[in-house]
1. Using a 10 angstrom cutoff on alpha carbons, build the Gaussian network for the chain and name the most mobile of ALA141, ALA149, ALA167.
2. Kindly state, as a whole number, the per residue volume in cubic angstrom of the convex hull around the alpha carbon atoms of the chain.
3. Using a 1.4 Å probe over the heavy atoms of the protein chains, calculate the carbon and sulfur portion of the accessible area of the stretch 31-177 as a whole percent.
4. Pop a pseudo-label 7 angstrom from the Cα along the beta-carbon direction at both ASP66 and ASP53 and give the gap in nm to one decimal.
5. Can you tell me which of MET101, MET49, MET89 moves the most in a GNM of the chain? Springs connect C-alpha atoms under 10 Å apart.
6. Could you tell me which of rounded, prolate or oblate describes the stretch 1-74, using a ≥ b ≥ c as the square roots of the eigenvalues of the alpha-carbon gyration tensor, with rounded for a/c under 1.5 and, failing that, prolate when a/b is larger than b/c and oblate otherwise?
7. What does the extension gain come out to for ALA43 and ASP163, with contour length at 0.36 nm per residue minus their alpha carbon separation?
8. Towards the positive end of the charge dipole of the chain, with charges on Cβ (+1 Lys, Arg; -1 Asp, Glu), say which of PHE22, PRO114, GLY154 has the farthest Cα.
Amino acid sequence: MADISGKKIAIVVDNYFEEAEFSGPLAGLRQAGGLVDVIGLKAGDVQSMNHADKSKTYPIDKTIDDVDFNDYDALVLPGGGINADSLRMNQTIRAWVKEFMEHKKPVAAICHAPWVLASAEVLEGRKLTSYSTIQDDLRNAGAEWTDEAVVIDGNLITSRQPDDVPAFSEAIINTLQ
């Protein structure tokens, strides 16, 4: 079994993220020994979605104002259109994405979450995947988009949709080993 004991991972979400794209990596990373913090824009609980329907709520461990992202070994961005749209408009999160990419720390984004990468202006010349409906946005941001379950380009790990969560989670864990 994979062992990423001692690795600190930040999963950043706002309301209306895709539940499977959050809970799958969260469980996998913790099972492999990762120390995972759920980071939110504000304290309290956040609402997940199962496609267009509300699903479970999850507690935020820390807010973006309470953390130093230099303390983390990897950044995970679950999808969901509303979640990703909110995160991409947050200047602090865009700055953290840039910092992770510049320091070559793993950044994992699934579904609509690559929108955050586009807004952080870190996609020029990168190969990635995402939910198919945002491929034009990613190409316009300078990325080479492909339709694969998981794409790894250096420290960037991307995936398409909930069906790909097992492969996405495995790719994150393997990168952290």
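The values are calculated or read from the model by the stated rules, or taken from the named source; none is laboratory data. Since the model is a prediction, treat every value here as computed from it, not as a measurement. With ideal geometry, Cβ positions are generated from the backbone for all residues, glycine too; neighbour counts draw on all protein chains shown. Accessible surface is based on the protein model in full, side chains and every heavy atom, while ligands, DNA and RNA are left aside. Shrake-Rupley method; radii C 1.70, N 1.55, O 1.52, S 1.80 Å.
1. ALA167
2. Each residue corresponds to 96 Å³ of Cα convex hull volume.
3. Ligands and nucleic acids excluded, carbon and sulfur reach 43 percent.
4. 3.2
5. MET89
6. Cα axes put the stretch 1-74 in the oblate bin.
7. The span from ALA43 to ASP163 would gain 40.2 nm if fully extended.
8. Checked the options; the winner is GLY154.
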